[in-house]
1. Could you pull out every one of the aspartates and glutamates with an alpha carbon less than 19 Å from that of Lys81, ignoring same-chain neighbours closer than 8 positions?
2. Read phi for every residue in region 78-89 and hand back ³J(HN,Hα) as whole Hz from Karplus 6.51 cos²θ - 1.76 cosθ + 1.60, θ = phi - 60°, with x for Gly and Pro.
3. Aspartates and glutamates near Lys23 by alpha-carbon distance under 19 Å, same-chain residues fewer than 8 away left out - which ones?
4. Over 25 Å between C-alpha atoms is what I'm after, so list which of Lys26/Lys48; Lys26/Lys47; Lys47/Lys67 land there.
Amino acid sequence: AVVSTQSTWGGVYYDDVNESLAKCEKIVQTLTSDGMIIQIPRPCDKKKVLFYYDHSTDFEIDDEFIKQWRSVSVDGVDDAKIEEYLDKQGIRSMQDQGLKKLNMTKKKKG
């Protein structure tokens, strides 16, 4: 019921799966427990959205790295100062990678 092809990165509404699959609640619970899917409630209306959990991207992070990461405090430091520091260290920060709007031109009939 959950689409897991790499060309489809979106989720599926739980309600839609529930309408089309007998014993949906049990199946979704089992898949969630087995780590095959994750359930995320939408903030606007709390509807559950099901996503395939792709474990091919899982990796281990060294505990020492995690401890060092958490020990660095950036409270009270604004984003501009952090970016400036990273630039001085030769590290480029990620830029907004949001969806780009395409300008669609209407074809004229005639």
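1. Asp96
2. 7, 4, 5, 5, 5, 5, 4, 4, 4, 4, 4, 8
3. Correct list for Lys23: Asp15, Asp34.
4. On the way: Lys26/Lys48 15 Å; Lys26/Lys47 18 Å; Lys47/Lys67 36 Å.
Too far apart for the 25 Å limit: Lys47/Lys67.
Coordinate-derived values only; no laboratory data. Please read all numbers here as calculations on a predicted model, not as lab measurements.
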